[in-house]
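Novice: Supplied in structure tokens, the structure appears directly below.
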Amino acid sequence: MSETNVDTESESDHARRIDTEPTEPPTSETAATEELEGSVSIAEPDVSDAVVERVQSVIDGGGLADGPEVRAFEDEFATYCTADHAVATSNGTTALHAALEAFGVGEGDAVITSPFSFVASANAIRLAGATPVFADIDPETYTLDPDAVEAVLKRRSDIVGLLPVHLYGLAADMPALNALADDDDLFVLEDACQAHGARIDGERVGSIGDAACFSFYPTKNMTTGEGGIITTDSKDVAQRAQQFVNHGRGQSGTGGYEHLDLGHNFRMTSIAGAIGSGQLERLPDFNEARRETAAYYNEHLAELPLETPTEPRGYRHVYHQYTVQTDSPAERDALAETLEAYDVDSAIYYDTPIHQQPAYESLSTAAASFPKAERAAETVLSLPVHPGLSDVERRTVVKAVTDHYTSQ
């Protein structure tokens, strides 16, 4: 098992309204008296009645497009990340694309990113006209290995930026990556789509690089249905991103037909903005519930022959996924089958590294080998960790995993 240092500090004081109280891990007494759950889902979005009322208010008002609810959500999310600016978008991929455009990325440029991630991170680089260049991961954290990034920088002169992915809810090694970027005058764009509220030495992702992007897909730590956002301290980056997501219009507002540059319609809807404000209020509690479940799993899976998630000292993991690693691909598949037999959902994020995807066969970087990323893709498995899990459901997950190994 990997060494962990799970920080159980509560963020509840930061919440403006608390809808749910996180549950405590079960005691031995309750474990002995309660039965196991029949079915445990991998994700379970939680939208409160208060959010439904906000959405109904938007619908009743008739202003469904990019309106005041979006501006309010942008301000609230920027404040949460301690960033100066935020630009809401239609999803996490469009946030990444717009941010890269705002940095001026284009043809002839290259951006280093991880081969072990959802494909959107690399796709956004290509959509901006540049080339994604991959560097291998740290096998303990599954995030970009700064040494691998440095090796790429030494052999290529076309790199203009770094796009580290904060995978599974754990931030990448931003201090080391920022130092490399400073040495080569590169931008750093955080892909924080899975890491809402994650921290390094008390600083939240979203304010550590030059800009950051978040996704609000339904399975994320908070949701707007579909949606994304860019955070940055740079007024210029924020203005260029805002212009790009709104058909290249000027900054006078969403109306008018003066288009200063090429752009897309990547705008967030007012309905999504209203949902986002309500979800952001609950995010500290959502994250605390995820961390409590992770601590419960860490304790009860500690003696089993599989790797549980690492949380480096000074880091705060928010467990978008609780991902274990087995000794072999066959063992991973066998564990997934056992979980299925117990009616416990599991998932593989991600079973094919990006450089091995069919859509990347034509890229010169696709021929490279990234053994740590490839090994992770063959052996990782994510267990249910969403904040809606009950004590009984958590015990069901632990029993399924434990029975798999003790029955062999």
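The values are calculated or read from the model by the stated rules, or taken from the named source; none is laboratory data. On a predicted model such as this, the values are computed, not experimentally measured, just so you know. Here the Cβ is made from the backbone with ideal geometry for all residues, glycine too, and neighbour counts use every protein chain on show.
Novice: Answer with yes or no whether Gly273 is in the same structural domain as Val55 (by TED's automatic domain parsing), in a helix (DSSP H, G or I) and farther than 24 Å from Tyr405 by Cβ. I'd like the intermediate steps shown before the answer.
Specialist: Values: in the same structural domain as Val55 (by TED's automatic domain parsing): yes; in a helix (DSSP H, G or I): yes; farther than 24 Å from Tyr405 by Cβ: yes.
In short, yes.
Novice: Out of the residues in the stretch 132-166 that are crowded, with 19+ Cβ neighbours inside 10 Å and of a type in the set (S, T, N, Q), state the one that is farthest from Gln356 (Cα to Cα).
Specialist: Thr141
Novice: Evaluate the stretch 121-129: report whether one residue or more is free of Cβ contacts under 8 Å to residues at least 40 places away in the same chain, in a loop (DSSP other than H, G, I, E, B), buried (at least 21 other Cβ atoms within 10 Å of the Cβ) and not assigned by TED's automatic domain parsing to the domain that holds Ser362.
Specialist: Yes, the stretch 121-129 contains a residue that is free of Cβ contacts under 8 Å to residues at least 40 places away in the same chain, in a loop (DSSP other than H, G, I, E, B), buried (at least 21 other Cβ atoms within 10 Å of the Cβ) and not assigned by TED's automatic domain parsing to the domain that holds Ser362.
Novice: Which count do you get for residues in the stretch 41-96 that are acidic (Asp, Glu) and part of a loop (DSSP other than H, G, I, E, B)? Can you show your working first?
Specialist: Step one: of the stretch 41-96, the residues acidic (Asp, Glu) are 44, 46, 49, 53, 60, 66, 69, 74-76, 84.
Among the residues that remain, those that are also part of a loop (DSSP other than H, G, I, E, B) are: 44, 46, 66, 84.
Total meeting the criteria: 4.
Novice: Just the residues that are under 11 Å from the mean Cα position of the chain (by Cα) and closer than 12 Å to Ala88 by Cα, please, taken from the stretch 213-227.
Specialist: Passing the criteria: Cys213, Phe214, Ser215, Phe216.
Novice: Would you please name the residue that is nearest to Ala172 (Cα to Cα), looking only at residues in the stretch 227-253 that are at pLDDT 95 or above and assigned to a loop (DSSP other than H, G, I, E, B)?
Specialist: Looking at the filtered set, the residue picked out is Asp233.
Novice: Say we look at the stretch 191-240 and pick out the residues that are charged (D, E, K, R) and touching a Leu at 6+ places or on another chain (Cβ under 8 Å); which of these is surrounded by the fewest Cβ atoms within 10 Å (Cβ to Cβ)? Outline the logic, then answer.
Specialist: Within the stretch 191-240, the first condition is being charged (D, E, K, R), and the residues that meet it are 191, 199, 201, 203-204, 210, 220, 226, 233, 235-236, 240.
Those left that are additionally touching a Leu at 6+ places or on another chain (Cβ under 8 Å): 191, 210.
Numbers: Asp191: 31, Asp210: 20.
Of everything passing the filter in the stretch 191-240, Asp210 is surrounded by the fewest Cβ atoms within 10 Å (Cβ to Cβ).
Novice: Taking the stretch 356-385 on its own, how many of its residues are surrounded by fewer than 23 Cβ atoms within 10 Å (Cβ to Cβ), part of a loop (DSSP other than H, G, I, E, B) and of a type in the set (A, V, I, L, M, F, W, C)?
Specialist: Number satisfying all stated conditions: 2.
Novice: Could you list, ordered by first residue, the pairs with Cβ atoms under 8 Å in which the first is in the stretch 175-202 and more than 16 Å from Arg313 (Cα to Cα) and the second is surrounded by 14 or more Cβ atoms within 10 Å (Cβ to Cβ) and acidic (Asp, Glu), at least 6 apart or interchain?
Specialist: Between residues of the stretch 175-202 that are more than 16 Å from Arg313 (Cα to Cα) and residues that are surrounded by 14 or more Cβ atoms within 10 Å (Cβ to Cβ) and acidic (Asp, Glu), the close pairs are Leu180/Glu150; Phe187/Asp210; Val188/Asp210; Leu189/Asp210; Gly197/Glu11.
Novice: Please specify each residue of the stretch 272-314 satisfying the condition of being closer than 29 Å to Gln56 by Cβ and in contact with a Ser or Thr (Cβ under 8 Å, 6 or more places away or on another chain).
Specialist: Ala272, Gly273, Ala274, Ile275, Gly276, Gly278, Gln279, Arg282, Pro284, Asp285, Glu288, Ala289
Novice: Shifting gears a bit: How many residues, within the stretch 137-158, are over 16 Å from Ala171 (Cα atoms) and assigned to a loop (DSSP other than H, G, I, E, B)?
Specialist: 3
Novice: Identify, please: which residue in the stretch 386-408 is among the charged types (D, E, K, R) and within 13 Å of Ser41 (Cα to Cα) and is, among those, surrounded by the fewest Cβ atoms within 10 Å (Cβ to Cβ)? Reasoning before the result, please.
Specialist: Taking the stretch 386-408 first, the residues among the charged types (D, E, K, R) are 391, 393-395, 399, 403.
Next, from what is left, pick out any that are within 13 Å of Ser41 (Cα to Cα): 393-394.
On the way: Glu393: 21, Arg394: 24.
Filtering the stretch 386-408 for residues that are among the charged types (D, E, K, R) and within 13 Å of Ser41 (Cα to Cα), the one surrounded by the fewest Cβ atoms within 10 Å (Cβ to Cβ) comes out as Glu393.
Novice: Scan the stretch 123-172 for residues that are within 26 Å of Ser382 (Cα to Cα) and not small (Gly, Ala, Ser) and report the count.
Specialist: Pass one, the stretch 123-172, residues within 26 Å of Ser382 (Cα to Cα): 123-124, 134-146, 148, 163-172.
When the remaining residues are screened for being not small (Gly, Ala, Ser), the result is 123, 134, 136-146, 163-168, 170.
Residues meeting the conditions: 20.
Novice: If Tyr168 meets every condition in (1) in contact (Cβ under 8 Å) with a residue 60 or more places away in the chain; (2) in a strand (DSSP E or B) apart from one, which number is that one?
Specialist: (2)
Rundown of residues vs (1) under 30 Å from Thr131 (Cβ atoms); (2) within 23 Å of the chain's Cα centre (by Cα); (3) of a type in the set (Val, Ile, Thr), yes/no style:
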{"residue": "Ala295", "(1), (2), (3)": "no, yes, no"}
{"residue": "Thr308", "(1), (2), (3)": "no, yes, yes"}
{"residue": "Gly314", "(1), (2), (3)": "no, yes, no"}
{"residue": "His317", "(1), (2), (3)": "no, yes, no"}
{"residue": "Leu335", "(1), (2), (3)": "no, no, no"}
{"residue": "Ile348", "(1), (2), (3)": "yes, yes, yes"}
{"residue": "Pro384", "(1), (2), (3)": "no, yes, no"}
{"residue": "Glu393", "(1), (2), (3)": "no, no, no"}
{"residue": "His404", "(1), (2), (3)": "no, no, no"}
